[in-house]
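Read the structure below first, then the notes.
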Amino acid sequence: MRRASLTGQLGFTERIFIRGEDRELANAVDAGLGQVEEGLHREMRFADNLADVTARYLLEAGGKRVRPMLTLLAAQLGTGTNADVIQAAEAVEITHLASLYHDDVMDDSQMRRGVPSAQFVWGNSVAVLTGDLLFARASKLVSALGERAIQLQADTFERLCLGQLHETIGPQDGEDPVEHYIGVLQDKTGSLIAVAAQMGVVFSNAPKEYEEPVVVFGEKIGVAFQLIDDVIDLSSQGVAETGKTPGNDLRAGVATLPVLRLRERASTDPDAAALLDRLEKDVIGSAEDGEVTPAAVEAIAALREHEVTRQTLDEAHRWAREAVEALAPLPDGAVKKALVRFADTIVERSS
């Protein structure tokens, strides 16, 4: 099944490939995405009937394919799209999809991409095992690319697990909660986006000195991406627009950056302390209670309008600026401009 082009879905045609000279790059990326999409539907099939249904569940629910796009974009710094680049892009996206199954179990999420989460439909055990199957399938794809790919995948998988572990246990005594949270984002989100771009450089035989810039770019834009998600989590638009229940992360007990910043203020700001009390009473950790209560809706709305949410947006933009600055060593041209516009698009998602 061929999905709509990513460039069209995210408005990249207008936002990134905005000049006539960018059309060749846009066509190369879009053609590559078509191959990746076909490969995903082929590689995520299983002989077992249940596994076949559960493994393709989130794939068929949609998704932005951000990571494969970065692989394909970065590959244009070298010889361009080839069979290895396509296979690397598929492996990265399957790894991402696998992580979503596990994340939804850990967070007790009921919705993902506008549909009931896999763990809500089939239960935790099936969701975890489906994620494991997809990690195995991604590893199979990576193994065919050689030792370098295996090492990159293993390092990234380790960071994904550590990020989830650190998020689960929380900051330790004496550890700054905000620094701890940013570290979690770097591991859980930044690492996979970074390796997506790095694989594009590696498997297109681009100059080795291009690896570090795209890795730093991916790490930083990954943090920006997740901070924007922290704001989107507070959106009043609901499932139809965001694919998630408002306050989903907070209700799962995840202390997002707006809440962490609110806690910093609570010791000296009575209004912040009062709002924090409402959130802890009615929202944070309330996922098991079922429906979102009116009190929870009001508390989420109050947090959405609070200065700490604007501060979170500002921090997301700062990480995006630093991501763009990391691209300085890359040659000027269509690829570099597209990556800059990609960063801009990431932080504009909340508007």
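Data overview
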| quantity | calculated |
| --- | --- |
| Some residue of region 181-204 being out of contact with any Lys or Arg (no Cβ under 6 Å at 6 or more places or on another chain), outside any helix (DSSP H, G or I) and modelled with pLDDT under 95 | no |
| Odd one out for L77 among (1) at pLDDT below 90; (2) within 23 Å of L327 (Cα to Cα) | (1) |
| Lone unmet requirement of (1) over 15 Å from the mean Cα position of the chain (by Cα); (2) of a type outside the set (D, E); (3) at pLDDT 90 or above for G123 | (3) |
| Matching residues in region 243-254 - criterion: being under 17 Å from the mean Cα position of the chain (by Cα) and either buried (at least 21 other Cβ atoms within 10 Å of the Cβ) or at pLDDT 80 or above (or both) | K244, N248, D249, V254 |
| Count - residues of region 255-280 that are open to solvent by 50 Å² or more (accessible area, probe 1.4 Å), touching a helix residue (DSSP H, G or I) at 6+ places or on another chain (Cβ under 8 Å) and in a helix (DSSP H, G or I) | 4 |
| Selection count where residues are open to solvent by less than 20 Å² (accessible area, probe 1.4 Å) and either of a type in the set (S, T, Y) or farther than 21 Å from I221 by Cβ (or both), scope region 63-89 | 3 |
| Among (1) over 19 Å from L192 (Cα atoms); (2) in contact (Cβ under 8 Å) with a residue 40 or more places away in the chain - the single one A47 does not satisfy | (2) |
| Subset of region 301-329 [open to solvent by 50 Å² or more (accessible area, probe 1.4 Å) and in a helix (DSSP H, G or I)] | R304, E305, E307, R310, Q311, D314, H317, R318, R321, E322, E325 |
| Among the candidates D344, D332, residue that is within 17 Å of F217 (Cβ to Cβ), touching a residue at least 12 places away in the same chain (Cβ under 8 Å) and either surrounded by fewer than 17 Cβ atoms within 10 Å (Cβ to Cβ) or touching a Cys at 6+ places or on another chain (Cβ under 9 Å) (or both) | D344 |
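The values are calculated or read from the model by the stated rules, or taken from the named source; none is laboratory data. This is a predicted model, so every value here is computed, not measured. Reconstructed Cβ throughout: ideal geometry from the backbone, glycine too, with neighbour counts over all protein chains shown. Heavy atoms of the whole protein, side chains included, go into the accessibility calculation; ligands, DNA and RNA do not. Shrake-Rupley method; radii C 1.70, N 1.55, O 1.52, S 1.80 Å.
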